[in-house]
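Structure, as structure tokens:
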Amino acid sequence: MQSISRRGFVISAATATAAFGLDGPLEFIRPAHAKDTSQGFAKFKVGDWTVTSIYDGIWEKAHDAGFIKGVSVDETKAALKAGGLSDAVVPITFTVTVVEKDGKTIMFDSGTGGQLSPKAGLLAKQNLKAAGIEADKISTIVVTHFHPDHIFGLMAKETNAQTFPNAEIVVPQSEFKYWTDPALIAKLPAARQGLAKRIQATLPTWKNVRQVADGAEAAPGIKAVNTNGHTPGHTSYDLSSGSTKLIVTGDVTNIPALFMRHPSWHAAFDQDPAMAEKSRRAVFSQAVADGAVLTGYHWGMPGAGTIRKDGDGYALVPVTPI
Ligand SMILES: [Zn+2]
């Protein structure tokens with residue numbers, strides 16, 4: 001299994017089924033609203049990095065008028081359709097980026113841990129393995145921000161026990177500071193207090209957590225870049241070297257058909273919508289200029305691509321997996 005991943009070969013779903021004893025064809029995990037997820041992962045190279053997008057699943061969010069400020073459900077449906085997606089629900093997919101180089105395996109965020117949607121949690125359940133990545137060989141987990149879909153995969157549902165106790169967990173300093181302030185809980189609306197409490201009961205008490213400041217290295221060759229707005233400390237990571245540009249953008253934007261095509265649309269998830277838009281536009285215009293490959297947590301599979309201008313917005317040109 002290991003030699004397969006080290007050489008960067010990609011195995012077919014049929015081979016994965018045979019090799020890893022998965023019960024039944026992988027087709028069953030293909031949701032109706034995401035792009036090709038049949039294999040559960042997509043592997044590609046950017047410079048010296050071997051990059052793997054791991055599909056964790058989908059939250060089929062019912063449409064609601066409050067989801068995008070000032071944008072009607074009909075407009076949202078039309079944009080989903082224009083992007084080649086079903087408009088039956090808002091298809092919020094979860095895709096985790098893993099990079100490998102020099103024998104190190106580094107994962108960005110952790111998936112949902114199967115705690116947010118009945119159709120998510122596939123990273124830990126099967127797709128990491130299907131991609132030839134062994135969970136206990138992950139040396140570092142680098143976190144973009146502390147929303148549940150990005151950190152619940154770090155902790156067990158009932159006990160909060162660590163899922164990856166052998167990995168170093170690197171978190172943005174500003175995000176850590178915001179969420180671990182004991183005074184925060186009373187200031188938050190009731191619906192968000194539970195998240196803050198869970199964060200305060202876990203990350204600050206774990207010995208394997210390290211904070212990274214804006215502009216500092218999260219790991220060798222991986223620089224933290226402030227892309228605040230979605231959350232107060234939301235951070236992207238720049239893995240570029242020389243002319244090869246690779247950036248893990250987390251939640252700089254959600255579904256490309258909605259918020260990349262329309263950067264001024266503000267999802268209800270963005271805590272500071274104006275700042276989120278500013279970060280979004282800065283990342284996209286730089287990516288167009290540099291020809292950078294970006295990965296995004298809610299972009300569906302293959303979860304990465306280059307960016308081009310599209311009218312008054314932007315469009316994702318997905319990478320071609322190996
Ligand atoms: Zn998210």
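The values are calculated or read from the model by the stated rules, or taken from the named source; none is laboratory data. From a predicted model like this one, the values you see are computed outputs, not experimental measurements. Note that each Cβ is placed from the backbone with ideal geometry, even for glycine, and that neighbours are counted across all protein chains shown. These accessible areas exclude ligands, DNA and RNA; they are computed on the full protein's heavy atoms, side chains included. Shrake-Rupley method; radii C 1.70, N 1.55, O 1.52, S 1.80 Å.
Given R₀ = 41 Å, what would the calculated FRET efficiency be for residue 193 paired with residue 243, taking r from the Cβ atoms and rounding to 0.05? If you can, show how the numbers build up before the last one.
On the way: r = 46 Å, r/R0 = 1.13.
Plugging the Cβ-Cβ distance into 1/(1 + (r/R0)^6) gives 0.30.
Mean residue ellipticity at 222 nm from the helices of the chain, using -39,500 (n - 2.57) per DSSP H segment of n ≥ 4 over the full residue count, to the nearest 500 deg cm²/dmol? Computed mean residue ellipticity for the chain: -6000 deg cm²/dmol. Overall, the accessible surface of the range 85-137 at a probe of 1.4 angstrom is composed of carbon and sulfur to the extent of 49 percent.
For residue 183, neighbours were defined as the other residues whose beta-carbon sits under 15 Å from its Cβ, and their charges (Lys and Arg +1, Asp and Glu -1) total +3. Most mobile of 80, 122, 195 per a Gaussian network model of the chain (Cα springs, under 10 Å)? Its mean-square fluctuation being the largest, the pick is 195. Note on the chain: antiparallel DSSP beta bridges, both residues inside, total approximately 75 percent of the bridges counted.
Here the range 229-315 has 52 percent of its accessible surface on carbon and sulfur atoms, given a 1.4 Å probe and all protein chains in place. Each label point was placed 7 Å from the Cα along the Cα-to-Cβ direction; for residue 226 and residue 160 their separation is 3.0 nm. For the chain, the longest piece that avoids every one of the GluC sites (Glu not before Pro) found in DSSP loops with at most 16 other C-beta atoms within 10 Å covers 159-322.
Comparing 221, 113, 303 in a Gaussian network model of the chain, where Cα atoms under 10 Å apart are tied by springs, the biggest mean-square fluctuation is seen for 221. Surface exposure of the chain, expressed per residue as accessible area with a 1.4 Å probe, stands at 42 Å².
Taking only Cα atoms of the chain, what ratio of Rg to Rh do you get with Rh as the Kirkwood inverse-distance radius?
0.94
Annotation for residue 64 and residue 317: the two label points, set 7 Å from Cα along the Cα-Cβ direction, are 3.8 nm apart. Model label points for residue 185 and residue 72, set 7 angstrom from Cα along the Cα-to-Cβ axis, are 4.4 nm apart. Within the listed set 52, 253, 163, the residue fluctuating most in the Gaussian network model of the chain (springs between alpha-carbon atoms under 10 angstrom) is 163. Taking a quarter of the surface of the Cα convex hull of the range 101-218 gives a mean projected area of 8.0 nm².
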